[in-house]
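Below: the structure, in structure tokens.
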Amino acid sequence: MPIDTVQAVDTSPISTTPPAGTDLDPIWAKVVPETRARNNDIHLPISLAYAERLCAAHPEADSLVVRVAILLHDTGWGRVDEERILSEGFSGDWRKADIRYEHERQGCLVAEEVLPELGYDDAFVARVTAIIDGHDTRPEPKSLEDALVRDADRLWRFDHTGIALAHGWFKLTPSAYMDRLEAEIIPELQTSAARRMAEADLARSRALLKASVLR
Ligand SMILES: [Fe+2]
Ligand SMILES: [Fe+2]
């Protein structure tokens, strides 16, 4: 059963609520090179916007841990062999590919490099790396914050921007990719708030991209 909330859930297009504030800008500034890999410069900011919506729906979560973890979770892609990202990272049993574990390890190293020099203490860094480590490969989340990061990591795909970028990674047409999101990714979402956002985005994206005809 997904984790429920009594709070309001914003299901409007994500472009209407960009990432708020500038408190994380010093972290962004330190990972610019790592955002150049695998469209992280699109994926990470949009996922942060979704993470902030999920935190608004779950005020009991530590939102700073969630926001920093989602910002950094995939920076490890910037430190692995670019060729292997597509050859191993998206084909066959891609969730179990070595390159997946490697990007998680490297992402933890990025967090351990960048956060202490910006004044984040060891306990905070450890909470962030506990989420980054295994974010793609561990079957279950370890905390509410972990669950919200997982959901934010998936939600960006339902927006038309995510569909435009990611359908080609999986060698699927946009409509086939949207069918797969509905069948495989919505059931993986940990919170009912994320499921509602995903369903609203998917309906908008299908209409916008004429998925009923372009099959
Ligand atoms: Fe990842
Ligand atoms: Fe990701």
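No lab work stands behind these numbers, since they all come straight from the coordinates. Everything numeric in this text was worked out from a predicted model, so none of it was measured. FYI the Cβ positions are ideal-geometry reconstructions off the backbone, even for glycines, and counts take in every protein chain you see.
Yes/no per residue for (1) closer than 24 Å to Leu202 by Cα; (2) touching a residue at least 60 places away in the same chain (Cβ under 8 Å); (3) touching a Ser or Thr at 6+ places or on another chain (Cβ under 9 Å):
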site: Thr11; (1), (2), (3): yes, yes, no
site: Thr17; (1), (2), (3): yes, no, no
site: Ala29; (1), (2), (3): no, no, no
site: Ala49; (1), (2), (3): yes, no, yes
site: Cys55; (1), (2), (3): yes, yes, yes
site: His58; (1), (2), (3): yes, yes, yes
site: Leu86; (1), (2), (3): no, yes, no
Breaking point among (1) of a type in the set (S, T, N, Q); (2) closer than 30 Å to Ala123 by Cβ; (3) assigned to a helix (DSSP H, G or I); (4) more than 17 Å from the chain's Cα centre (by Cα), for Thr22: (3)
Odd one out for Leu172, checked against (1) away from ligand 2 (no atom under 16 Å from the Cβ); (2) within 27 Å of Thr16 (Cα to Cα): (2)
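Looking at Ala69, Ala61, Ala130, which is the one that is assigned to a helix (DSSP H, G or I) and away from ligand 2 (no atom under 15 Å from the Cβ)? Can you show your working first?
On the way: Ala69 fails: away from ligand 2 (no atom under 15 Å from the Cβ); Ala61 fails: assigned to a helix (DSSP H, G or I).
Unique residue meeting the criteria: Ala130.
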Complete set of residues in the stretch 118-152 that are in contact with a helix residue (DSSP H, G or I) (Cβ under 8 Å, 6 or more places away or on another chain), farther than 18 Å from Leu44 by Cα and among the charged types (D, E, K, R): Asp122, Arg127, Lys142
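Which residue out of Arg84, Arg79, Arg53 is within 16 Å of ligand 2 (Cβ to nearest atom) and of a type in the set (Lys, Arg)?
Working: Arg84 fails: within 16 Å of ligand 2 (Cβ to nearest atom); Arg53 fails: within 16 Å of ligand 2 (Cβ to nearest atom).
So the residue among Arg84, Arg79, Arg53 that is within 16 Å of ligand 2 (Cβ to nearest atom) and of a type in the set (Lys, Arg) is Arg79.
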Number of the condition not met by Ile46 [criteria: (1) under 16 Å from the mean Cα position of the chain (by Cα); (2) more than 15 Å from ligand 1 (Cβ to nearest atom); (3) in a helix (DSSP H, G or I); (4) over 14 Å from Val110 (Cβ atoms)]: (2)
Options Glu102, Glu140; residue that is within 15 Å of ligand 1 (Cβ to nearest atom), among the charged types (D, E, K, R) and free of Cβ contacts under 8 Å to residues at least 40 places away in the same chain: Glu102
Residues located in the stretch 21-43, provided they are more than 14 Å from ligand 1 (Cβ to nearest atom) and among the acidic types (Asp, Glu): Asp23, Asp25, Asp41
